[in-house]
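Below is one structure, written out as structure tokens; comments come after it.
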Amino acid sequence: MRNKTDYALVFLCIAAIGCYATIAQVMLIREFLNIFYGNELCLGIVFGAWFLGIATGAFAGAKIEHTFKHAFTIFVITLMVMCFVLPVQIIFVRGIRGLLSVGIGEYISILPLLLTSIGLILPFSFIIGFIFPFSSKVILGATRDAAVDVGVVYIIESMGSLFGGLVFSFFLVSRFHPFKIITLLNIGMFVLLIFLLFNFHRKGQVYSCEEENKKTKMVLGFISLGLALVMIVVWLSPIPDRVEVFSTKMRWNTLNPHIELMTSADSKYQHIDIGRQAEQYSIYLNGQYASAFPNEYEYAQIAHLVMTQHPSPKHVILIGSGLGGLVSEMLLHPIESLDYVELDQRLLQISDKYLSPSDRQALSDSRVTIIHQDGRYYVKNTTKRQYYDVILVNTPDPATAFLNRFYTLEFFKEAQKILKSDGVLIASVSSAVTYIGKEVGSYAGSLYRTLHEAFKHVLVTPGQTNFYLACNKDSVVTLDIDTLMGRYRKSQVKSDYFSEHLFYTLLQPEQVKFIENQLSQRKDLLVNTDARPVTYFLNLVLWDSLAGGRLHGLFHSLKDVGLKSFLIPIMIALAGRIIYVVVKQIKLRMKSDNYDEEFKLPNNKQLKTTCLIALATTGFTGIALEIVLLYAFQNIYGYIYERMGVIVAVFMVGLAFGGYITNRIIQKRNFKWVILLMVFEGIIGFYALILPFIIQGLSSYSIAAEIGLTCFIGIAGILTGLGFPLVNKLFMQSSEDIAVSAGATNSADHIGAFLGAILTGVIFLPLLGVFGTCLILATLNLSSLILIGISLCSGAAYRYSKNDNSNSQRK
């Protein structure tokens with residue numbers, strides 16, 4: 001008979017699985033942010049691929065579990081294999097562009113990127129899913145109810161995930177690179193296995209109610225000891241550092257092989273690379289080109305075009321990159337103050353040793369104030385109301401949710417509050433010089449339309465980059481060359497890199513007229529808002545188009561698709577399922593002479609299928625709610641890269657707490673379990689309905705709002721975790737095998753999560769926004785509730801609507 005020490009060691013191993021899995025997931029997300037150029041599209045893809053792996057792994061584990069005589073041995077061997085998969089995955093992720101033979105400077109089209117990402121992420125998460133049925137088999141008998149045993153594995157693994165997320169965020173990430181972290185995790189895992197294996201061998205214990213081979217346990221124990229010693233030696237050696245340097249350079253060479261990598265570092269907010277070609281340095285943030293320095297000729301054109309848009313600018317705010325000569329050229333104008341808002345202090349620290357003397361002098365000018373805050377946060381909270389003459393948003397294109405925050409209607413309205421009545425806002429996006437196709441036109445035109453919603457006057461400059469000039473007062477912003485030359489001369493600027501005659505090059509009249517006609521005549525332009533980030537979505541369309549992908553046509557057609565086009569298929573699927581259930585019950589009545597006894601049998605497939613559908617719906621909604629809240633967090637605070645580990649950990653502890661609540665109900669109460677499942681589905685649907693209003697209420701920038709938003713991520717986890725043990729309870733009433741039940745339910749849960757992550761991250765959220773996405777989620781859960789109700793009304797769930805104490809204990 002096993003004692004508390006035995007169970008404690010097994011539980012520690014299961015918790016270690018959760019800890020390892022969460023840290024692996026967060027590290028893979030951070031790696032993919034570089035491959036995706038910081039685009040949060042990778043959140044949906046990484047989460048989706050992760051859950052697909054768990055689902056397929058759990059399904060495979062449940063299917064083949066009975067073919068293995070010793071579940072405990074497979075449990076241990078699988079843990080050992082898990083320790084060597086993650087470093088290989090990270091190396092392959094960093095070399096994905098080389099694997100796909102993507103040319104220098106080319107985008108990876110979305111479909112190959114999606115499929116390759118699934119292939120790169122799935123191996124590790126497959127192992128996490130595969131081991132779940134064996135974990136449940138190993139601890140069988142820990143409680144008095146087999147269904148509760150499965151819930152215990154779910155809870156302990158989730159608590160391990162919480163620990164992993166917190167340790168990663170607050171300790172590991174700031175001290176070690178990924179390969180050092182993996183080595184440390186492996187040491188901990190092998191040490192646990194040593195204690196586990198030698199403890200049972202010493203006491204002569206058996207597992208899974210079978211006399212397992214003691215010699216095998218001894219061999220596995222010595223293998224674990226040897227691997228632990230190897231990992232300790234590796235930790236103390238330069239091997240992890242060399243692998244990190246090698247894989248980092250490999251990733252860099254797939255992006256910029258002709259540029260020498262000078263520095264690569266992680267800050268709290270992003271991954272930073274600085275490369276050098278000849279005498280010019282380039283900054284890449286999360287893999288995406290951000291700026292180059294020194295680059296005086298290009299930045300001089302931007303600086304003087306911007307500064308001459310106001311007759312007499314005195315107070316200027318720059319949001320985004322100011323290196324490379326931009327600040328120094330702006331200071332040539334007779335301004336009184338320039339507030340330079342740069343979130344990442346580490347970026348300036350790393351760049352400092354490469355800056356030219358003129359750049360260093362400009363940043364130390366008495367008129368310049370460097371503010372290390374999120375630009376959106378500063379604009380919303382600064383006390384300098386009606387203060388600025390010019391706001392220059394010098395950020396990269398809105399290719400990510402983080403960057404899109406500076407191109408929304410809400411931001412432009414917030415910016416108006418800190419501008420003087422004749423103040424000017426200037427932003428830019430990439431475009432084309434002579435041709436504006438439907439993808440480029442929709443993308444660039446969205447910003448044009450959005451600015452028109454906030455400002456009275458909006459002008460657009462031609463070129464590879466369109467500058468959007470917005471103001472509420474007449475005769476301030478202008479593209480008239482004579483007026484701009486007059487303002488330039490009035491400021492008495494003397495620049496080595498700019499002449500007033502360059503205005504003729506920048507603003508050729510025929511090109512100015514062309515871009516204005518192209519954008520003003522479009523009737524299908526969409527307004528970009530915080531709740532519906534269409535410019536972000538349209539950038540994905542443009543991305544796939546530039547990469548030569550095949551999905552941009554589909555994505556572009558989805559632009560005009562309304563919410564009802566997604567709700568109608570759900571209604572059709574619901575009606576089809578209801579008809580199917582009813583027809584099956586009618587046939588059963590016609591075939592059986594004793595139907596009342598027939599539908600009481602514990603092998604009713606229709607109810608089991610309905611329960612799995614409900615669980616898949618819960619998994620779909622849970623991860624979708626997490627992504628919605630992640631987006632809201634990113635939208636408000638702008639530093640999801642720093643808090644990813646904490647956010648994932650909070651969601652996981654919510655899962656654990658939800659599972660614990662249901663386990664306690666199962667142990668202490670007698671309920672009609674199907675009715676309780678309906679209640680849970682209704683609660684989740686209601687939560688999805690009210691979540692947009694909660695997010696809107698928490699959109700203020702404050703510590704209390706940040707804590708509140710994090711708590712609501714935890715609540716989403718709790719509601720998701722409630723259903724898993726309950727469906728296992730229903731399954732255990734019709735299945736003698738705990739591994740089959742655990743595998744089937746875990747697979748259904750994660751299949752739903754896979755679909756939820758992909759559809760929410762790639763389509764629903766960027767296209768329909770928070771409100772539309774949450775309405776779809778509420779509809780899905782209410783549909784599951786209706787399906788369960790139909791099963792009850794048809795009599796198919798009679799056997800399962802009662803608490804069956806006689807079948808609560810399983811071998």
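The values are calculated or read from the model by the stated rules, or taken from the named source; none is laboratory data. This one's a predicted model, so the numbers in the text were calculated from it and none came from an experiment. All accessible areas refer to the heavy atoms of the entire protein, side chains included, with ligands and DNA or RNA removed. Shrake-Rupley method; radii C 1.70, N 1.55, O 1.52, S 1.80 Å.
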Task: Amide proton proximity set for Tyr281, modelled H, under 5 Å, gap of 5+ - done: Phe293
- [ ] With a 1.4 Å probe and every protein chain left in place, work out the accessible area per residue of the stretch 447-498 in Å², rounded to a whole number.
- [x] 47 Å²
- [ ] Provide the three semi-axes, in whole Å and in decreasing order, of the ellipsoid equivalent to the stretch 209-353 as defined by the square roots of 5 times the Cα gyration tensor eigenvalues.
- [x] 53, 17, 12
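Leaving ligands, DNA and RNA out of it, report the carbon-plus-sulfur percent of the accessible area of the stretch 211-365 at a 1.4 Å probe. Walk me through the numbers on the way to the answer.
Values: 3740 of 6520 Å².
That fraction is 57 percent.
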Task: Per-residue ³J(HN,Hα) for the stretch 356-362, Karplus 6.51 cos²θ - 1.76 cosθ + 1.60, θ = phi - 60°, Hz, x for Gly and Pro - done: 6, x, 5, 5, 4, 5, 5
- [ ] Please report, largest first and rounded to whole Å, the three semi-axes of the ellipsoid equivalent to the stretch 448-494, where each semi-axis is the square root of five times an eigenvalue of the C-alpha gyration tensor.
- [x] 23, 14, 8
Task: Tensor-based shape of the stretch 148-200 (alpha-carbon gyration tensor, a/c under 1.5 rounded, otherwise prolate or oblate) - done: oblate
- [ ] Name the shape class, rounded, prolate or oblate, that the alpha-carbon gyration tensor gives for the stretch 312-437, where a ≥ b ≥ c are the square roots of its eigenvalues, rounded holds for a/c under 1.5, and otherwise prolate holds if a/b is larger than b/c and oblate otherwise.
- [x] rounded
- [ ] Using the Karplus curve 6.51 cos²θ - 1.76 cosθ + 1.60 with θ = phi - 60°, work out ³J(HN,Hα) for each residue of the stretch 114-122 in order, rounded to whole Hz, and write x for Gly and Pro.
- [x] 5, 5, 5, 4, 4, x, 7, 8, 4
Open item on the list: Lysine pairs in the stretch 318-426 with Cα distance under 17 Å, only those 8 or more apart or on different chains: how many are there?
Closed with: 6
TODO: Using only the Cα atoms of the stretch 649-693, each taken as one equal point scatterer with no solvent, compute I(q) by the Debye sum, divide by I(0), and report log10 of the ratio at q = 0.16, 0.17, 0.26, 0.33 Å⁻¹.
DONE: -0.56, -0.62, -1.02, -1.07
- [ ] Using θ = phi - 60° and the Karplus relation 6.51 cos²θ - 1.76 cosθ + 1.60, list the HN-Hα couplings for the stretch 750-757 in order, rounded to whole Hz, with x at every Gly or Pro.
- [x] 7, 5, x, 5, 4, 5, x, 5
